[in-house]
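First the structure, in the form of structure tokens, and then the observations on it.
FYI, it's all coordinate maths here, none of it is from the lab. The structure displayed is predicted, hence computed values, not measured ones. Positions of Cβ are generated from backbone atoms using ideal geometry, with glycine treated the same way; all protein chains shown enter the neighbour counts.
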Amino acid sequence: MKNFIISTSITVFETPNELSDKDQHLVESAKQACERAYAPYSGFNVGAAVRLSNGEIIQGNNQENAAYPSGLCAERVALFYANSKFPDVAVEAIAVIASNENGVLKDPVAPCGACRQVMLETELRMKQAFYTLLIGASEIHRIENTKDLLPLTFTGEGVRKKK
Ligand SMILES: [Zn+2]
């Protein structure tokens, strides 16, 4: 029998001022997107902002629907839009923030499993890892790549038929 441990390194920032100017801008962009979320059912607004290697910033927010499963998370709205508009441009970073009726959540919010899977495939597709900034009112967490958020990843290897 073997045993192994998977660890994740998280850099914690106590204020946005500790971030680079580019990352502060990305955080601000995620906040703006959060304010425009369509979340009438949960009251849980999420905003995401993706910075691409060409400097473009793409915003996304959660889009809910009366038929609940038809809605989509902020991270995937942003990444799918980025990938649709700039299919060959790598992602440099994504910032995520959430708020409810009490304002921005105190603790940083983490992407759901489905979003992590899409983040991972974006990295694999572009052959470039990107970092994630999880924004809370109390602190900001930086995770260097999606494999740290989604260990034991499903990469799709073996899925395609051989030609
Ligand atoms: Zn999600």
Q) What full-extension length gain, to one decimal in nm, is calculated for Thr155 and Ser9 as 0.36 nm per residue of separation minus the Cα-Cα distance? A) 50.4 nm
Q: Starting from the amide H of Val109, placed 1.01 Å from N in the peptide plane, find each other amide H under 5 Å away whose residue is 5 or more places distant or on another chain.
A: Ala98, Ile135
Q: Can you put Met1, Met119, Met126 in order of Cβ neighbours within 10 angstrom, beginning with the fewest?
A: Met1, Met126, Met119
Q) Distance in nm between label sites at Ser84 and Lys22, each 7 Å beyond Cα in the beta-carbon direction? A) 2.7 nm
Q: For n ≥ 4 DSSP H runs only, could you compute -39500 (n - 2.57) per run for the chain, divide by its residues and tell me the 222 nm figure to the nearest 500?
A: -8500 deg cm²/dmol
**Q.** Which listed pairs, of Lys22/Lys85; Lys106/Lys127; Lys31/Lys106; Lys31/Lys147, have C-alpha distances above 23 Å, in listed order
**A.** Lys106/Lys127; Lys31/Lys147
Q: Kindly put Val159, Val104 in sequence by how many other C-beta atoms sit within 10 Å of each C-beta, fewest to most.
A: Val159, Val104
Q: Can you tell me the FRET efficiency between Asp148 and Ala67 if r is taken as the Cβ-Cβ distance and R0 is 30 Å, rounded to the nearest 0.05?
A: 0.35
Q | Evaluated over the chain, the Cα radius of gyration and Dmax, each in Å | A | 16.1, 55
Q. With +1 on each Lys and Arg Cβ and -1 on each Asp and Glu Cβ, how big is the dipole of segment 112-163 about its Cα centre, in debye rounded to the nearest 20?
A. 540 debye
Q) At what distance in nm do the modelled label points of Ser138 and Glu56 sit from each other, each positioned 7 Å from its Cα along Cα→Cβ? A) 3.8 nm
Q | Additional length obtainable on full extension of the chain from Lys2 to Arg125, 0.36 nm per residue less Cα span | A | 41.1 nm
Q. In terms of Cα to Cα distance under 20 Å, which aspartates and glutamates are near enough to Lys161, apart from those fewer than 8 places away along the same chain?
A. Glu121
